[in-house]
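Only one structure is covered here, and it is reproduced in the block below.
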Amino acid sequence: MSDTKATTGGSLFTPFNMVAGLILLVGGAITVLRFTGGLGAVTNLSDYNPWGLWIGFDLLVGVALAAGGYVTSAACYIFGLKRFHSAVRPAILTGFLGYALVVFALHYDVGRPWRLPYPFIVQPGTTSVLFEVGACVALYLTVLFVEYSTAPLEWLGFKRARNLVVKLTLVLTIFGVVLSTLHQSSLGALYLIAPSKLHPLWYSSYLPVYFFISSIIAGMSMVIFEGTMSHKYFHDKMDEAHLKEADGVVLGFGKAAAFLLFGYFVIKLVGLAVDNNWHHLATGWGLWFLVEMLGFVLLPCYLYAVGTRDKNIKMIRRTSLIAVLGIVLNRLNISLVAFNYHLPSSERYFPHWMEIAISLFIVTIGVLVFRFVVTRMPILYEHPDYKDAH
Amino acid sequence: MDGNIFTLQDFMFFTKAITYLVIVAALIAFPAFWLFLTDRDE
């Protein structure tokens, strides 16, 4: 994506396109292998480790980083912070693609895609946390699709349908916040069932709260990060309003993320205190926990705060990458690194290269679809027919 | 301190005491951090 030719109909054989094409080819071949040979053919999953990278990264990280949709639309439409309006559409698009790819990735792990609706029509299992996660993700994906649909409807010129969807904005935003609160926290609640498997430094009865609060931080950081990338590669697609509001979005979200990271650090300390886990800090696991807490929670908190104070946009943009990586690290620690920590190393899980390739394949699809949409539809600019219509 | 914990009562007393201290520290730190964040706002 290093040049804009790829986005404006120039040569197809750019370095980005060629790398992306190679990833798609390899991913396609592994996809065939997975659905014909089963999980054993492409993964290192076992009875000890039934959830691997596809759950830890594609699902847990994917859902957390897609939180920008509900965070931004809630800030704009529920809290009335209209100065963030230009960030709503890109955030909704990122959220929609994120959730769509989460569901897509889940097929690789679960298999038998035709059974996806089973929880709703055959065997509900309504007492299961997984059912709640499944129901919320399905409903929220629908909500995001409807929220996002205004852009393609404007692009295709379906004015009446577009106006109808716009009238539903507030209801959809409220749905989005409710459903996100439910399933973001429930993803943490999934691990409450395994107190003996998850290392005590990461296990806490507050896991649902940690997942929910960190998802808001992830959403804000992702909006800043995605905005940074868009400014770099799709600058020519942005209209005046978008360019004018961009710094305000970065400063506002940077300030909120700093305060939230501080609060997140405090509730993590409370978790340590309540379970009396201080003595674990003096172990190797403790050192790794401190890397996460100091390097990827307190450091971005401080950098966001200093960046906000000094109105240093560049610093906030760079910090958003640290915060996003912190979320990735946290979710991978909980689902893979600190999970089954008591097992001998011979039984520990490390993803097969084909698992990593599929995760890369899915991220690449996301980037390509994002580029396709942003270069064609009114995401980073307002459609001329609907200027000042909101 | 861990060596002095024999009963659930001991455990709850110790952990609650530390938690309250963390919360008190947080209640002082939150406004201070907020002031640090916003004192240059116009």
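The values are calculated or read from the model by the stated rules, or taken from the named source; none is laboratory data. From a predicted model like this one, the values you see are computed outputs, not experimental measurements. Neighbour counts are summed over all protein chains in view; Cβ atoms, including those assigned to glycine, are modelled from backbone coordinates with ideal geometry.
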Point to revise | Filter result (facing chain A (nearest Cβ under 8 Å) and among the aromatic types (F, W, Y)) within segment B:1-14 | key: B:F11, B:F14
Point to revise | Selected residue (only one of B:A26, B:A17 is at the interface with chain A (Cβ under 8 Å from one of its Cβ atoms) and within 19 Å of A:Y206 (Cα to Cα)) | key: B:A26
Point to revise | Candidates B:F14, B:F36 - the one that is among the aromatic types (F, W, Y), within 15 Å of the chain's Cα centre (by Cα), in a helix (DSSP H, G or I) and surrounded by 12 or more Cβ atoms within 10 Å (Cβ to Cβ) | key: B:F14
Exercise for review: Scan B:F30, B:F6 and give me the residue that is assigned to a helix (DSSP H, G or I) and either surrounded by fewer than 10 Cβ atoms within 10 Å (Cβ to Cβ) or out of contact with any Cys (no Cβ under 9 Å at 6 or more places or on another chain) (or both).
Suggested key: B:F30
Practice item. Within segment A:144-152, identify whether any single residue is surrounded by 15 or more Cβ atoms within 10 Å (Cβ to Cβ), among the charged types (D, E, K, R) and either within 15 Å of A:G68 (Cα to Cα) or touching a strand residue (DSSP E or B) at 6+ places or on another chain (Cβ under 8 Å) (or both), and answer yes or no. Key: yes
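Does A:L260 satisfy being in a helix (DSSP H, G or I) and at pLDDT 95 or above?
Values: in a helix (DSSP H, G or I): yes; at pLDDT 95 or above: yes.
So A:L260 fits the description; yes.
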Point to revise | Sole exception among (1) charged (D, E, K, R); (2) within 14 Å of chain B (Cβ to nearest Cβ); (3) touching a residue at least 40 places away in the same chain (Cβ under 8 Å) for A:R309, by number | key: (3)
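Residues checked against (1) without any contact (Cβ under 8 Å) to a residue 12 or more places away in the chain; (2) away from chain B (no Cβ under 11 Å); (3) buried (at least 18 other Cβ atoms within 10 Å of the Cβ); (4) more than 22 Å from the chain's Cα centre (by Cα):
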site	(1), (2), (3), (4)
A:K255	no, no, yes, no
A:F262	no, no, yes, no
A:L272	no, no, yes, yes
A:N277	no, no, yes, yes
A:L281	no, yes, no, yes
A:G284	yes, yes, no, yes
A:M293	no, yes, yes, no
Exercise for review: Considering each of A:V328, A:V297 in turn, give the residue that is under 21 Å from the mean Cα position of the chain (by Cα), closer than 26 Å to A:L192 by Cβ and surrounded by fewer than 19 Cβ atoms within 10 Å (Cβ to Cβ).
Suggested key: A:V328
**Study point:** Among the residues listed as A:V88, A:V71, A:V110, the single one being among the aliphatic types (A, V, I, L, M) and surrounded by fewer than 19 Cβ atoms within 10 Å (Cβ to Cβ)
**Key:** A:V110
